[in-house]
Amino acid sequence: MIYAAGGILWKAAPLASPLAVVHRPRHGDWVLPKGKLERGERWQDAALREVWEETGIHAELGEFAGVVSYEVSGVPKVVLFWNMLARGDSSFTPSQEVDEVAWLSLADAIRRLDHEGEKSLLAAV
């Protein structure tokens, strides 16, 4: 099992402001910021770390948003997401992992995302 955590990063207030989606050049897809837990790391800490690493923004953890699960090369993966509020300016630098961050309305983010599980998660928010 692969364990990962991530965030629905809102610029201001959830549902009333743009949210961040990231582009992964290696996969050629648009996703919510997320990543694997490090050994001994709490889910919430991993979510905050991954959002910072992928967007360059420190965030404030909000309410639990939901779970997305799928398989990666035949291995089950579960990703827990939290709503988050952006705090401060971004220090985003394009990398091999994430080369672009887009701030979109909820409806535009749902259209832009490439994975149905993440689209469904946002639609339920």
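Computed from the coordinates by the stated procedures, all read-outs in this text should not be read as laboratory data. Model, not experiment: these values are computed from the prediction. A quick note on method: Cβ atoms are made from the backbone with ideal geometry, for glycine too, and the neighbour counts reach across all protein chains shown.
Which trypsin sites (Lys or Arg not before Pro) from the stretch 1-67 combine a DSSP loop assignment with at most 16 other Cβ atoms within 10 Å?
On the way: sites: K11, R26, K34, K36, R39, R42, R49; in loops: K11, R26, R39, R42.
Qualifying residues, ordered by number: K11, R26, R39, R42.
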With only helices counted (DSSP H, runs n ≥ 4, each -39500 (n - 2.57)), the per-residue ellipticity at 222 nm for the chain, to the nearest 500, works out to -6500 deg cm²/dmol
Say we join alpha carbon atoms closer than 10 Å with springs in a Gaussian network model of the chain; which of P14, P25, P33 then has the biggest fluctuation? P25
Candidates per GluC sites (Glu not before Pro) in the stretch 33-101, loop by DSSP, up to 16 other Cβ within 10 Å: E38, E41, E97
Between D114 and S69, Cβ-based FRET efficiency (R0 25 Å, step 0.05) works out to 0.90
So what are the ³J(HN,Hα) numbers for the stretch 30-44, from phi and the Karplus equation (6.51, -1.76, 1.60; θ = phi - 60°), rounded to whole Hz, Gly and Pro as x? 9, 9, 7, x, 6, x, 5, 6, 8, 3, x, 7, 6, 3, 5
